[in-house]
Amino acid sequence: MDIYAYARDFMTKNGNPNQWTGGWPWREVIEDDIEKKQLYVIEDESGPHGVFAFMIGEDETYEEIDGEWISETEYGTIHRIAGDGKIPGVLAKALKFCTKETDHIRIDTHHDNNIMQYLLEKYGFTRCGIIRCTEDGTPRIAYERV
C-alpha cells in the first residue's frame, strides 16, 4: 500500500492528479488480487519496489472500446502498476515477466498520465482507443502490444 501511496503522490506532482483518487487502488482490491494469485511484486535485496496485477484472459474493462483492438486473440492485461521511485524500470521489469506468459498484452492509462503514455509507446504499445473503467466509468486510453 505504501508503493501505491507513493505512486499517487508522484502522479499528482507530475500533472496527473485525477487517475487514482480516493485512495485507489483500495486494500480490498489488492487483497483480491493476492487471493486470485494475480498480484506481482518487483523487488531487490532491499525489499519490494514495484507492484502490478497481471491476468491472462478476457478483461471486462476491455469488452467495449471507442476504437479498435489490433487482435482478438487471448491476451494478458496489466493493471495497477506502480513503483516506489527507488529503482528504475518498473514497467520494463513487469513487461519482461509478462511476455514470458504471452506476447499479447493490453494496458490502459489516464489521459493526464503523460509519463505512462510515453513509456507505453517507447515499449512498442499501440494506442487503440478509449475504454471506460468498470469501477467508475471514467475514460482511459487503451493500448495493446502484439
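The values are calculated or read from the model by the stated rules, or taken from the named source; none is laboratory data. This structure is a prediction, so every number in the text was calculated from the model and none was measured. Virtual Cβ from ideal backbone geometry, glycine too; neighbours counted across all protein chains shown. Ligands, DNA and RNA are stripped out before the accessible areas are found, and what is left, the full protein with its side chains, is counted by its heavy atoms. Shrake-Rupley method; radii C 1.70, N 1.55, O 1.52, S 1.80 Å.
Annotation: Thr73 fulfils all but one of (1) open to solvent by 70 Å² or more (accessible area, probe 1.4 Å); (2) touching a strand residue (DSSP E or B) at 6+ places or on another chain (Cβ under 7 Å); the unmet one is (2). For Glu58, the stated conditions hold: it is more than 22 Å from Tyr6 (Cβ to Cβ), open to solvent by 70 Å² or more (accessible area, probe 1.4 Å) and not hydrophobic (A, V, I, L, M, F, W, C). Considering region 15-45, and only residues there that are modelled with pLDDT under 95 and polar (S, T, N, Q), the residue that is nearest to Tyr75 (Cα to Cα) turns out to be Gln19. For Lys96, are the conditions met, namely being in contact with a His (Cβ under 6 Å, 6 or more places away or on another chain), closer than 23 Å to Phe10 by Cβ and either among the basic types (Lys, Arg) or open to solvent by less than 20 Å² (accessible area, probe 1.4 Å) (or both)? So Lys96 does not fit the description; no.
Of the residues making up region 122-137, at least one is over 14 Å from the mean Cα position of the chain (by Cα) and in a helix (DSSP H, G or I).
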